[in-house]
1. Could you please report the charge total around Gln163, scoring K, R as +1 and D, E as -1 over all other residues with beta-carbon less than 13 angstrom from its beta-carbon?
2. Keeping every protein chain present and rolling a 1.4 Å probe, give me the accessible area per residue for the chain in Å².
3. Can you pull a Stokes-Einstein diffusion coefficient for the range 436-584 at 20 °C (1.002 mPa s), Rh from Kirkwood over Cα pairs, as a whole number of µm²/s?
4. Pulled fully out, how much extra length does the chain show between Arg579 and Asp131, if you take 0.36 nm times their separation in residues and subtract their Cα-Cα distance?
5. For P(r) over Cα pairs in 10 Å bins from 0, in percent, pick the label among (1) 3, 14, 18, 17, 16, 12, 8, 6, 4, 1, 0; (2) 3, 13, 18, 19, 18, 16, 9, 3, 1, 0; (3) 3, 14, 17, 15, 13, 10, 9, 7, 5, 4, 3, 1, 0 that corresponds to the value derived from the coordinates.
6. If you plug each phi of the range 413-425 into the Karplus form 6.51 cos²θ - 1.76 cosθ + 1.60 with θ = phi - 60°, what whole-Hz ³J(HN,Hα) values come out, in order, with x for Gly and Pro?
7. Once the other residues with Cβ under 14 Å from the Cβ of Glu39 are scored (Lys, Arg +1; Asp, Glu -1), what is the net sum?
8. Tell me the mean residue ellipticity at 222 nm calculated for the chain from its helices only (DSSP H runs of n ≥ 4, each -39500 (n - 2.57), averaged over every residue, nearest 500).
Amino acid sequence: MFPTVREVLALDPVRNGGPRVVAAEEGLDRPVRWVHVTEVPDIASLLRGGELVLTTGIGLPADDAGVRAFIADLAEVGVAGLVVELGRRYHGGVPKVMAAAAHRHGLPLVELRRETPFVLITEAVHALIVDAQLAELRATEEIHQRFTELSVEGAEATEVVRQAAELAGAPVVLENLSRRVLAYHTAGENPRLLLDGWEQHSRRIQPTGRTAYHADTGWLVTMVGARGQDWGRLLLRCPAAGPGVSGGFSGSGGPPLRWSILLERAASTLALGRLIRRDAEGLERQIHRTLLTALLDGSQPVDEVAMRALALGVGLDRRHLVGVAVRFRDAGFDAAGAAGAVRSAGSAGPAGSTGSTVAVPSADSAETVQARLRDLAETVGLALREAGLTGLASPLDEHAVGVLLAVRDATAADPALDGLLAALHRLRRSEPVPVVVAAGSGVDGVREARRTLVEARQVAEAGRRDRRADQVLRLPDVGLAGLLHLLREEPRLQVFVERELGPLLAYEARHPRQRMLATLRAYLEHGRNKSAAAAAVHLSRPAFYERLTRLGQILGVDLDSVQTCLSLHVAVLALDEVRARPPA
């Protein structure tokens, strides 16, 4: 905020005086808070530190001891420097005892070899200070405005940290109370140098106070939290002042006030965002989602994703990686948008058929559906910790929770998956809705992580109706359903579905209450056992037989033919996959 002694010496009124640095040139980057003119030796008691003292020396002590005491008093109070004009008291140069004392105390001492009106110097310096103060006010106003906008927009932690780093022009790190990095921005520096050994480095940063500067490490730190519950720290590495360093600082007073304001406003924005998302996913889960999404869509370099994961305590390099997808097995409860419910439907069949009670989806709010998925993600994360496993876990899309499991080698993959499944079942014992757990083929290296994640998601989607709860599904386990799921975008499969089921779908579009497709599905799923199928759809056997006859007429086929029913069953399974919303 204030000009340095070096910058003051570069001003025209000072340069016209022929300045020469006599002692403590290393202190020229001290900030100058004000300029004070004096001709008396006992001025130190009137100063507060940071002043640049101007004098002709006519009132200074004549003896060496008095000169040493004068310099010592100025150094003790913390003045920025001493400028002595030659010609009135001193002619050839300042006394050697004065230069030696200034050198010993590290006090910059400058002599002006030509007569210079001090008023011109004070005017020029004070103008710089006032301009700097105005700039500081403008910068502070920009900080308030920027973070107010971020709060209103509900910006994520990564964006808040990025904005803070760009405004400060220095690295900023957000960590939790376990010293795990939740978000960071390097402001152009090498991220590996910043994050390598972060936990050990962070534990050495122990300033006193809620917002404070730790001079030994050069980090400005503030706590993040609200309502008396802190959950993290926000740290800004302050660049030291020096030649060619823009925005740096020096001196015992610590970094500029605007940096403290910047860090506190960023921390407030983060805390507010967490309060707003109290019922949403945790911040760590958000970071996991960001990293998994980056691996799937390639939005970030793989090396950067691995480094950010390592900062969270999840090492991906030199590990065997297995993609896992966990989704609700009951389609009525998954995040596609409906919660299962059972309601009564009036008789919709031909005359003489009985009424039926059928399971139909009742629409649920998007918020409720997403809340269920977030809860499942937190449960999966807890299962990972309970099983002693390492991995990234978060909602993968609207349907599934994804996990990128990192194990020692391929031989450890199956035991790890079994441990995860067992922990998940223990944690969800009281939950009414079962889940399917699917795994992709393991890969050796983070660059292939996308393949195993995509495969896991496809297996989970294909096996969403599988009733096996005691195993992790793999691609071979989903059989025909898995093949049809992989081919769901294939036009020839869609043509096949239309050819086999087109007349029935057209009929049901005109008569939706008759639920003819559900009748066909029950008949095929029960191996053409008419009694079992009739019970499954809550119809009497005569009513069910009547519907089968009507189905044969609509489709123009013989439903007693094994070959015909096989083709129809494949078409029904394919229809389910074609209608299913593909993962994002």
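The values are calculated or read from the model by the stated rules, or taken from the named source; none is laboratory data. All values reported here derive from a predicted model rather than from experimental measurement. Cβ: placed from backbone, ideal geometry, glycine included. Neighbour counts: every protein chain shown. Ligands, DNA and RNA are stripped out before the accessible areas are found, and what is left, the full protein with its side chains, is counted by its heavy atoms. Shrake-Rupley method; radii C 1.70, N 1.55, O 1.52, S 1.80 Å.
1. -3
2. With all protein chains present, the chain gives 47 Å² per residue.
3. Taking Rh from Cα pairs, D becomes 126 µm²/s.
4. Result for the pair: 154.7 nm of gain on full extension.
5. It is the value labelled (3).
6. With the stated coefficients, the range 413-425 comes to 5, 4, x, 5, 5, 5, x, 5, 4, 5, 5, 5, 5 Hz.
7. With Lys, Arg at +1 and Asp, Glu at -1, the net is 0.
8. Numbers: 20 runs with 265 residues, N = 584.
My calculation for the chain gives -14500 deg cm²/dmol from helical runs alone.
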